[in-house]
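Following: one structure in structure tokens, then a few remarks.
The values are calculated or read from the model by the stated rules, or taken from the named source; none is laboratory data. Just so it is clear, the structure is predicted and the values come from calculations on it, not from any experiment. Positions of Cβ are backbone-derived with ideal geometry, glycine not excepted, and every protein chain shown enters the neighbour counts.
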Amino acid sequence: MSGSKHTVIIGGGVIGGFTAWYLAQAGHKVTLIEQESFGKQCSHGNCGYVSPSHVIPLARPGQVLKGLKGMLSSETALRINPSKLAFLAPWLLKFALRCNSKAMMEAGKACHPLLQSSAVLYREIFEQQNMLVDWKTDGLLFVFRDQHEFAEYEQSDAWLRKHFDMGAEPFAGKALQELEPALKPGLAGAWLYRCDAHLRPGKLMSELRRILLASGVRILENTAMTSFSGGNGKATAVMTTGESISADNFVVATGAWTPLLKKSLGVKLPIQPGKGYSITMARPKLCPKYPMILEECHVAITPFEEGYRVGSTMEFSGYDTTLNRQRLNYLRSGAAEYLHEPTAEPVEEEWYGWRPMTPDGIPYIDRSPLYSNVWIAAGHSMLGISMGTGTGKLVAELITGQKPHVDAAAYRVNR
Ligand SMILES: Cc1cc2nc3c(=O)[nH]c(=O)nc-3n(C[C@H](O)[C@H](O)[C@H](O)COP(=O)(O)OP(=O)(O)OC[C@H]3O[C@@H](n4cnc5c(N)ncnc54)[C@H](O)[C@@H]3O)c2cc1C
């Protein structure tokens with residue numbers, strides 16, 4: 001029925017990319033427009049975890065205090081630029097109101113189905129399409145230096161077990177050294193989530209581009225959307241910096257840029273760029289076997305087949321495009337506290353990306369209030385890779401009128 005329908009996707013990140021894929025599979029003609037190059041923004045230099053275990057959002061009990069500390073110091077993973085406070089205030093207030101156990105549970109329940117379905121869909125698509133993305137299913141280690149923090153994490157693990165049926169295995173002392181010899185001795189311990197996996201994001205995006213082109217998707221780069229034309233609650237065409245493109249449906253998957261399109265969408269979504277950094281380099285001689293989060297400094301480590309990445313930090317500083325050396329040094333010094341060989345040469349890339357952060361940690365997947373055939377898929381915060389396939393499939397189901405495999409009610413724009 002939908003064979004002749006044309007859909008334009010705006011935004012060439014992991015969300016726009018997988019939406020294009022599932023729509024093309026459903027028989028739609030698909031055009032994807034990207035203001036720069038496909039897959040080169042936030043979906044490029046991130047840590048590559050596909051982690052169903054990450055149901056706890058950034059807005060959690062105790063985070064307000066951490067945010068205040070992050071306003072006063074530049075030596076914390078979470079940083080709020082005090083000079084941008086007026087711009088950030090409405091978002092920060094919404095965020096602060098979510099830093100409680102009830103809201104944390106609500107976010108966990110909202111994201112869990114998309115995280116679960118995405119993990120399954122990744123396995124399926126990598127196998128069926130022979131995508132080579134350094135996919136590894138070894139799990140993810142949460143590593144602690146501090147004895148008290150390590151022991152206290154048991155409560156979070158019990159919470160995940162009870163509500164989401166996802167438990168980790170604790171390792172300490174000799175058992176931890178045997179599991180992961182790249183870690184320094186004397187650390188308190190680590191929790192291993194075997195349900196998590198990881199991949200190399202740059203490879204994911206180039207392989208995704210390959211299968212999109214092979215399935216007939218037209219990708220227009222260096223083409224930015226400026227507005228929609230239409231009337232009576234329906235968009236008829238998207239205006240871009242190049243051609244204007246007519247279609248039956250439109251999907252706005254513009255990540256952290258989405259609030260800038262508020263006039264065209266009829267809603268200003270509370271999405272802030274949450275700036276994170278990464279350094280990609282050669283594999284150290286004693287390279288970690290497992291991807292891991294170094295919990296006290298929140299630095300994340302990802303070993304690839306031919307490389308190694310150290311990434312982290314969450315900086316709220318608006319649409320700031322500077323590559324801050326102090327933040328990059330924070331990654332190096334954080335990793336040095338836990339690993340025998342925290343870094344290696346040569347450095348391949350120093351990078352920053354803007355996570356599309358929502359105050360509640362839940363993405364927006366819904367129609368625009370202005371046009372019934374314009375869909376929004378944005379705000380995947382710290383989990384866009386982990387929720388990429390599930391989101392793409394869900395949007396395709398909503399557009400083609402199939403029964404959604406995940407209930408989309410939690411992702412409403414007017415929640
Ligand atoms: C340091 C770091 C580590 C991370 N680690 C992980 C991880 O391990 N696991 C995980 O799941 N997530 C992780 N994330 C988060 C994840 O990277 C993001 O959630 C995800 O990439 C967002 O995807 P997206 O498609 O929404 O946005 P993007 O990838 O940013 O794509 C949006 C695209 O829209 C384009 N665009 C914007 N406006 C327009 C316009 N007007 N016209 C045309 N195009 C436009 C942009 O140029 C961009 O290419 C991490 C992020 C960072 C910064």
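For residues that are closer than 16 Å to ARG367 by Cα and near the ligand (Cβ under 10 Å from one of its atoms), tally how many sit in region 239-254.
Residues of region 239-254 that are closer than 16 Å to ARG367 by Cα, as a first pass: 247-254.
Add one more test, that the residue is near the ligand (Cβ under 10 Å from one of its atoms), and what stays is 252-254.
The number of residues fulfilling the criteria is 3.
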Tell me which of these GLY39 doesn't satisfy, since it passes every other one: (1) under 23 Å from TYR352 (Cα atoms); (2) surrounded by fewer than 22 Cβ atoms within 10 Å (Cβ to Cβ); (3) touching a helix residue (DSSP H, G or I) at 6+ places or on another chain (Cβ under 7 Å); (4) not acidic (Asp, Glu).
(2)
Take region 3-16 and flag every residue that is outside any loop (DSSP other than H, G, I, E, B) and more than 7 Å from the ligand (Cβ to nearest atom).
HIS6, THR7, VAL8, ILE9
If I ask for residues that are charged (D, E, K, R) and either assigned to a loop (DSSP other than H, G, I, E, B) or within 29 Å of the chain's Cα centre (by Cα) (or both), which ones from region 175-189 would you list?
GLU180, LYS184
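Could you list, in sequence order, all residues of region 164-184 that are farther than 30 Å from GLN129 by Cβ and at pLDDT below 95? Show your work before the answer.
First, pick out the residues of region 164-184 that are farther than 30 Å from GLN129 by Cβ: 167-184.
Selection gives GLY167 alone.
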Residue count, region 302-325, condition touching a residue at least 40 places away in the same chain (Cβ under 8 Å) and closer than 29 Å to SER156 by Cβ, comes to 10
Which of the following residues is assigned by TED's automatic domain parsing to the domain that holds GLU295 and farther than 25 Å from GLY45 by Cα: GLY216, GLY231, GLY242, GLY186?
GLY186
Qualifying positions in region 51-67 - of a type in the set (Lys, Arg) and part of a helix (DSSP H, G or I):
LYS66
Those residues that are within 10 Å of the ligand (Cβ to nearest atom) and part of a strand (DSSP E or B), I need them from region 283-298; list them, please.
ILE293
Take the residues in region 195-219 that are in contact with a Gly (Cβ under 7 Å, 6 or more places away or on another chain) and basic (Lys, Arg), then tell me which one is surrounded by the most Cβ atoms within 10 Å (Cβ to Cβ).
ARG200
For residues in region 220-244 being crowded, with 20+ Cβ neighbours inside 10 Å and not aromatic (Phe, Trp, Tyr), which is farthest from ILE399 (Cα to Cα)?
THR223
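In contact (Cβ under 8 Å) with a residue 40 or more places away in the chain, assigned to a helix (DSSP H, G or I) and surrounded by fewer than 24 Cβ atoms within 10 Å (Cβ to Cβ) - does that describe any residue in region 274-282? Please lay out each step first, then the result.
From region 274-282, those in contact (Cβ under 8 Å) with a residue 40 or more places away in the chain are 274-282; that's our starting set.
Restricting the remaining residues to those that are assigned to a helix (DSSP H, G or I) gives none.
No, region 274-282 has no match at all.
Could you say whether any residue in region 72-79 is in a loop (DSSP other than H, G, I, E, B), within 11 Å of the ligand (Cβ to nearest atom) and at pLDDT below 95?
Residues of region 72-79 in a loop (DSSP other than H, G, I, E, B): 73-77.
Pick out the ones that are also within 11 Å of the ligand (Cβ to nearest atom) and you get 77.
Filter once more, keeping what is at pLDDT below 95: 77.
Looking through region 72-79, at least one residue is in a loop (DSSP other than H, G, I, E, B), within 11 Å of the ligand (Cβ to nearest atom) and at pLDDT below 95.
Quick grid of which residues meet (1) among the aliphatic types (A, V, I, L, M); (2) over 24 Å from the mean Cα position of the chain (by Cα); (3) surrounded by 15 or more Cβ atoms within 10 Å (Cβ to Cβ):
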{"site": "SER317", "(1), (2), (3)": "no, no, yes"}
{"site": "ASN324", "(1), (2), (3)": "no, no, yes"}
{"site": "ARG327", "(1), (2), (3)": "no, no, yes"}
{"site": "LEU331", "(1), (2), (3)": "yes, no, yes"}
{"site": "GLU345", "(1), (2), (3)": "no, yes, no"}
{"site": "TRP351", "(1), (2), (3)": "no, no, yes"}
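Whether any residue in region 224-239 is in a loop (DSSP other than H, G, I, E, B), among the charged types (D, E, K, R), touching a Phe, Trp or Tyr at 6+ places or on another chain (Cβ under 7 Å) and over 28 Å from SER386 (Cβ atoms) is what I want to check. Lay out the reasoning, then the answer.
Of all residues in region 224-239, those in a loop (DSSP other than H, G, I, E, B) come to 224, 232-233.
With the extra rule that they be among the charged types (D, E, K, R), the set shrinks to none.
For region 224-239, residues in a loop (DSSP other than H, G, I, E, B), among the charged types (D, E, K, R), touching a Phe, Trp or Tyr at 6+ places or on another chain (Cβ under 7 Å) and over 28 Å from SER386 (Cβ atoms): absent.
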Being in the same structural domain as PRO342 (by TED's automatic domain parsing) and farther than 24 Å from THR343 by Cα narrows it down to one of PRO181, PRO170, so name that one.
PRO170
Looking at (1) surrounded by fewer than 23 Cβ atoms within 10 Å (Cβ to Cβ); (2) within 11 Å of the ligand (Cβ to nearest atom); (3) assigned by TED's automatic domain parsing to the domain that holds ALA86, which is the one condition that is false for PRO259?
(3)
Against the condition away from the ligand (no atom under 14 Å from the Cβ), crowded, with 21+ Cβ neighbours inside 10 Å and either modelled with pLDDT under 95 or closer than 19 Å to ASP196 by Cβ (or both), how does TYR338 come out, does it pass?
yes
Can you pull out every residue in region 167-195 that is among the acidic types (Asp, Glu) and under 19 Å from CYS287 (Cα atoms)?
GLU178, GLU180
Anything in region 23-50 that is in a loop (DSSP other than H, G, I, E, B), near the ligand (Cβ under 6 Å from one of its atoms) and over 17 Å from TRP135 (Cβ atoms)? List them, or say none.
GLU34, GLN35, GLU36, GLN41, CYS42
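The rows are residues; the columns are (1) surrounded by 21 or more Cβ atoms within 10 Å (Cβ to Cβ); (2) without any contact (Cβ under 8 Å) to a residue 24 or more places away in the chain; (3) not hydroxyl-bearing (Ser, Thr, Tyr).
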{"residue": "THR7", "(1), (2), (3)": "yes, no, no"}
{"residue": "GLY16", "(1), (2), (3)": "yes, no, yes"}
{"residue": "GLY27", "(1), (2), (3)": "no, no, yes"}
{"residue": "GLU34", "(1), (2), (3)": "yes, no, yes"}
{"residue": "HIS54", "(1), (2), (3)": "yes, no, yes"}
{"residue": "GLN63", "(1), (2), (3)": "no, no, yes"}
